[in-house]
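Everything on this sheet refers to the single structure shown next.
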Amino acid sequence: MENPIITIDNVTMQFRLSHEKVNSIKEYFIRMLKKNLRYSDFYALKNISFQVQKGQRIGIIGPNGAGKSTLLRIISGIMKPTKGSIQVNGSVSPLLELGAGFDDEFSGAENIYLNGAILGKTKHFLDEHFEEIVAYSELAEFIDSPVKNYSSGMKAKLGFSIATQVESDILIIDEVLGVGDQNFKKKSSAKIKELMEKGITTILVSHNIEQIRKLTDKTIWLEEGCMKAFGESCEVCEQYEANE
Amino acid sequence: MKRYIRYFKTFQQYFFLLTVLVKTDIKKKYKGSFLGVLWSLINPLLDMIVMTIVFSTLFQRSIDNFPVYLLTGRLLFGFFSQCTKASMKSIISSAKLIKKIYIPKYIISLSNVIANFLFFLISLVALIIIMLATRAPVSIYILYVPYYLITLFFFSCGVSLFLSTLTVFFRDLEHIYTVFLTVLMYASAIFYPAEIIPDRFRFILTINPLYHFIAGFRAVVYHGFAPEAKNLLVCFAVAVVSMMIGIIVFEKKQDRFILYL
């Protein structure tokens, strides 16, 4: 059997919530003198373990605050877990926040390069795919004007085009299947389906159970940082719905 | 060993990002200004004129080409102070990005250092102009200039990594550092001759790492002397130690950035 593309082994993420945020020297000393450095611990994830095989489509469900976003952040490498280990064998393209790397002062074209570079792509690759990205975003007319003049829908379109055209090994989607206008919405869900069929590994977070059932093979159910269930999507979804 | 190969590979992968970020920094700095990049030249020149008017009569006897003497110190100090000061904000101002996507975080700090270094190189043209205008003599030892520029780059880079890490946890460090920079400026013999410092306070110059770069740079550019072996060694050691501290501190703390941004 092939090596799994993502291995999560006993991952725990613990946050330290100080009662008030201390981030200056002055406050730190005041609090130390007053012996007032109190913290309380909060577990966003507790002993999570699972593996994802190449080409699998994984759904993550759970109520708000269950640790879904934290799990995605750990998979993307944004956060390191407090305990446990994670291994990812491939590049990750997060659709968490479309256009997170945009610089408003610069033009759409410049931002394609900036954002592509942030996703770890080379100049050569971006030169080659520049036309495709522009065409897909339907923003050819505005590509030379600064992004600050874009509407939020336009920004999302551009971000989506970049994130899906860079061909990463793993696609992470955090409820963004509704980007832009009706037309683009259709186009973007078609694109995601196409990528999934191509065999790209996908992790999808959604509150829409129907979507999870339709689009994913396996589902993880998180509740208060614990994994309540991990298995075939239709089974887990059924359990989840029964629970509500 | 494997670890270093991996580091090298990610650096290679994100090298393009580094160039894009440097370009972005440069474009931003000169955006909307009519004279653009020329400001990097005009600024030190205007500064020099003011300082020359104020101080040259004061130190006339001991410093003979005051504008060149001043610029050799002022430009090096200017680079160090601007670069390290900007570095303190580098991680914090990229918070939006760091929270959303994985990128090697040192790339952000490094791009700031490189951009400032490029501004510094442009500002050195001001020194060349003044040297030509005042017909300052040039000796063969001026070939040592790149050595000082490179060691100064790494010294500033180490300090920048260190400061950008610390500022994430202690935001008010910025205000303290501004005061510290003023002290550092007076302790670097930029606009006065080093000889006027009484012997018992001379140690201040010795313990000021930046002064060694200024002294060495001045020796080869302004005095036309051969650089002292001791000075060359000190600059090298300061650069290496600074880089080591910077990298170790940054590496150790970078995973915690996200919790404080």
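Couple of notes before you dig in:
- Residues satisfying the stated conditions in the range B:166-217, i.e. crowded, with 17+ Cβ neighbours inside 10 Å and β-branched (V, I, T): B:T167, B:V168, B:I190, B:I214
Rundown of residues vs (1) hydroxyl-bearing (S, T, Y); (2) out of contact with any Pro (no Cβ under 6 Å at 6 or more places or on another chain); (3) in contact (Cβ under 8 Å) with a residue 60 or more places away in the chain, yes/no style:
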| position | (1), (2), (3) |
| --- | --- |
| A:E131 | no, yes, no |
| A:S137 | yes, yes, no |
| A:M154 | no, yes, no |
| A:S161 | yes, yes, no |
| A:I173 | no, yes, yes |
| A:F184 | no, yes, no |
| A:K187 | no, yes, no |
| A:E194 | no, yes, no |
| A:I212 | no, yes, yes |
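- Scanning the range A:120-134 for residues that are outside any strand (DSSP E or B), open to solvent by less than 20 Å² (accessible area, probe 1.4 Å), under 30 Å from A:V11 (Cα atoms) and touching a Ser or Thr at 6+ places or on another chain (Cβ under 7 Å) turns up at least one hit.
- Residue among A:S85, A:S76 that alone is in the same structural domain as A:S188 (by TED's automatic domain parsing), at pLDDT 90 or above, under 30 Å from A:N47 (Cβ atoms) and open to solvent by less than 70 Å² (accessible area, probe 1.4 Å): A:S85
- Odd one out for B:S40, checked against (1) over 30 Å from B:R171 (Cβ atoms); (2) touching a residue at least 40 places away in the same chain (Cβ under 8 Å); (3) touching a helix residue (DSSP H, G or I) at 6+ places or on another chain (Cβ under 6 Å): (1)
- Only listed residue being touching a Phe, Trp or Tyr at 6+ places or on another chain (Cβ under 7 Å) and of a type in the set (V, I, T), chosen from A:I220, A:I192, A:I170, A:I200: A:I220
- Of the listed requirements (1) among the basic types (K, R); (2) at pLDDT 85 or above; (3) farther than 17 Å from A:A135 by Cα, A:K198 misses just one: (2).
- When we screen B:R218, B:R200 for residues that are more than 14 Å from every other protein chain (Cβ to nearest Cβ), assigned to a helix (DSSP H, G or I) and under 17 Å from B:I142 (Cα atoms), the only hit is B:R218.
- Of the numbered criteria (1) farther than 19 Å from B:F79 by Cα; (2) surrounded by 15 or more Cβ atoms within 10 Å (Cβ to Cβ), the one B:V220 fails is (1).
- Against the conditions (1) more than 14 Å from chain A (Cβ to nearest Cβ); (2) surrounded by 13 or more Cβ atoms within 10 Å (Cβ to Cβ); (3) modelled with pLDDT of 85 or more, B:L21 satisfies every one except (1).
- Neighbours by Cβ (under 6 Å, 6+ apart or cross-chain): first from the range B:166-192, without any contact (Cβ under 8 Å) to a residue 40 or more places away in the chain and more than 14 Å from chain A (Cβ to nearest Cβ); second open to solvent by less than 20 Å² (accessible area, probe 1.4 Å) and not β-branched (V, I, T): B:A187/B:N208
- Residue match in the range A:100-115 (condition: buried (at least 21 other Cβ atoms within 10 Å of the Cβ), among the hydroxyl-bearing types (S, T, Y), facing chain B (nearest Cβ under 10 Å) and part of a helix (DSSP H, G or I)): yes
- The residues of the range B:72-98 that are free of Cβ contacts under 8 Å to residues at least 40 places away in the same chain and either open to solvent by less than 20 Å² (accessible area, probe 1.4 Å) or within 14 Å of chain A (Cβ to nearest Cβ) (or both), listed by number, are B:S93, B:S94, B:K96, B:L97.
- Filter result (open to solvent by less than 50 Å² (accessible area, probe 1.4 Å) and more than 12 Å from B:F154 (Cα to Cα)) within the range B:232-248: B:L232, B:V234
- Flag if B:F59 is surrounded by 15 or more Cβ atoms within 10 Å (Cβ to Cβ), outside any helix (DSSP H, G or I) and more than 14 Å from chain A (Cβ to nearest Cβ): yes
The values are calculated or read from the model by the stated rules, or taken from the named source; none is laboratory data. Just so you know, these numbers come straight off a predicted model, no measurement behind them. Don't worry about glycine lacking a Cβ; one is built from the backbone with ideal geometry, like all the others, and counts go over all protein chains shown. Heads up: the accessible areas ignore ligands, DNA and RNA and are worked out on the full protein's heavy atoms, side chains in. Shrake-Rupley method; radii C 1.70, N 1.55, O 1.52, S 1.80 Å.
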